[in-house]
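The values are calculated or read from the model by the stated rules, or taken from the named source; none is laboratory data. As the structure is a computational prediction, the values presented were derived from the model and not from experiment. We place every Cβ from the backbone using ideal geometry, glycine too, and count neighbours over all the protein chains shown.
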């Protein structure tokens, strides 16, 4: 090649073909790996993920006051609720709210089960075992249990244990009373 002459067409076409070949292999690799970025899990068919990649969410900002719907968030609230429940004869004199609400995620669920067991006339431990899905250490052998250890809703548990009861109405009434009690207690 002499000075002043351009690059031959053959060389350009070879470079172009090599570039196309490299890019096609790179895109095939990317497609094999699946989507990336926001929403990649859902696009790949993995559903939504509750995992957060934000380090501030890992550390978390702790509330200065405890959450009232947690089972044992505040001793003062617990004592007020215990006194009220004992006066209504929903909670026995020997039981504590803290012991009764073991295995419940939220206090409102525990209170609803306490009220439902009192109102419908069911064993609290049987209701608790079915609603939480945790078989308690006390004797629940006389209780009807669902197939498997999956927790049931309060209405389904009442229906299982007492088929002739108005399960939906009893569950709704118990949940309403439990929410009112928590609101009155300052939660």
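Miscellaneous remarks
- Checking each residue in region 100-147 for being part of a helix (DSSP H, G or I), at pLDDT below 90 and over 22 Å from the mean Cα position of the chain (by Cα) picks out 124, 125, 126.
- Taken together, the residues in region 73-92 that are under 25 Å from residue 161 (Cα atoms) and free of Cβ contacts under 8 Å to residues at least 24 places away in the same chain amount to 3.
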